[in-house]
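The values are calculated or read from the model by the stated rules, or taken from the named source; none is laboratory data. What you see is a predicted model; the values in this text were computed from it and never measured. So basically every Cβ, Gly included, is an ideal-geometry build from the backbone, and we count neighbours across all protein chains shown.
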Amino acid sequence: MTLYWAVVFTLLGMALGSFFNVLADRLPAGKSIIRPASHCPACGVKLSVPDLVPVVSYLALKGRCRYCHAAIPRRMLMVELATGIMFLLLYLFYGLSPELGIALLYFSLLLLIFIIDLEQQLILNVIIYPSALAVLLINLIWPDTGITHGFLNGLAGGGAGLLLFLLIVIASRGGMGLGDVKMAGLMGLILGFPGIFVGIFLAVVSGGLVAGIILMLKRKSKRDPIPFGPFLSLGTMAAILWGQPIMDWYLGFFGF
């Protein structure tokens, strides 16, 4: 039975990953996510069902459009694979439980934010505001599932994230965007208080390490912007899964 559900969630993840690619392409451009139907951006030909099978179509077509042979962005394949693997791992972590449904929603939203900010350096209000509303409702309706932390605790976490990042924006004089501030607020709603600080800590550490490697390899200069949203997303994901053990280890390490 475990194998059956593992396959189901993997395939579901890959299918949703294909949809996330559409969102990542259209939302930043302000385009409809419904019309026009999926088409090749190079030649404009409407894609048929055999062209749209997640992962399989990309591999079968060798990464090129069936009609004009233009290269299909590798990101399409990577997102479909990553979402499939993510859904599988979340199923294995939570099993068939209410926590699984909430985790799938949160991780999907965070992945979408990750993709768009990585490519466009944008954290879109059209994603942040509905996501925040959804998290507030979940915190209110299911206040203690092991992932959620209650309505008031979520508000406290959201307020702490907003305030902290707003102070950083003021201190850095534009070194960080308001999109990151809103993202920190969403993180707080998801992680609660004091979980928000675990998520931010993980984001800062991972972001600093990656930025250091990029600079060391001279892929970018110190003046080139490095989007922080992807690291905030990853920090939130890690804190959802392991936030409490990390907090317990930290407090135990310092003898609290």
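Is it the case that some residue within the stretch 64-72 is in contact with a helix residue (DSSP H, G or I) (Cβ under 9 Å, 6 or more places away or on another chain), modelled with pLDDT of 90 or more and within 25 Å of LEU104 (Cα to Cα)? Looking for residues that are in contact with a helix residue (DSSP H, G or I) (Cβ under 9 Å, 6 or more places away or on another chain), modelled with pLDDT of 90 or more and within 25 Å of LEU104 (Cα to Cα), one finds none in the stretch 64-72, hence no. Residues in the stretch 82-110 that are out of contact with any helix residue (DSSP H, G or I) (no Cβ under 8 Å at 6 or more places or on another chain) and among the polar types (S, T, N, Q): how many? Within the stretch 82-110, residues that are out of contact with any helix residue (DSSP H, G or I) (no Cβ under 8 Å at 6 or more places or on another chain) and among the polar types (S, T, N, Q) number 1.
Within the group ILE240, ILE246, ILE214, ILE200, which residue is in contact (Cβ under 8 Å) with a residue 60 or more places away in the chain and of a type in the set (A, V, I, L, M, F, W, C)?
Answer to the selection: ILE240.
Within the option set LEU241, LEU232, being surrounded by fewer than 19 Cβ atoms within 10 Å (Cβ to Cβ), of a type outside the set (D, E, K, R) and either in a helix (DSSP H, G or I) or in the same structural domain as GLY157 (by TED's automatic domain parsing) (or both) holds for one residue only, LEU241.
Of all the listed residues (PHE197, PHE228), the sole one being among the aromatic types (Phe, Trp, Tyr) and either touching a strand residue (DSSP E or B) at 6+ places or on another chain (Cβ under 8 Å) or farther than 17 Å from LEU111 by Cβ (or both) is PHE197. Of all residues in the stretch 91-105, none are within 23 Å of HIS39 (Cα to Cα), small (Gly, Ala, Ser) and in contact (Cβ under 8 Å) with a residue 24 or more places away in the chain.
If the condition is being loosely packed, with under 15 Cβ neighbours inside 10 Å, more than 25 Å from ASN125 (Cβ to Cβ) and in contact with a helix residue (DSSP H, G or I) (Cβ under 9 Å, 6 or more places away or on another chain), then the stretch 7-37 contributes VAL7, VAL8.
Go through the stretch 113-146 and count every residue that is among the hydrophobic types (A, V, I, L, M, F, W, C), under 14 Å from the mean Cα position of the chain (by Cα) and over 16 Å from MET187 (Cα atoms). Give the steps one after another, and end with the answer.
Applying the first criterion (among the hydrophobic types (A, V, I, L, M, F, W, C)) to the stretch 113-146 yields 113-116, 118, 122-124, 126-128, 132-138, 140-142.
Within this subset, residues satisfying the condition of being under 14 Å from the mean Cα position of the chain (by Cα) are 113-116, 118, 122-124, 127-128, 132.
From what's left, over 16 Å from MET187 (Cα atoms): 115-116, 118, 122.
Selection size over the stretch 113-146: 4.
Among the residues of the stretch 187-237, the ones that are closer than 20 Å to THR145 by Cα and polar (S, T, N, Q) come to 1 in all.
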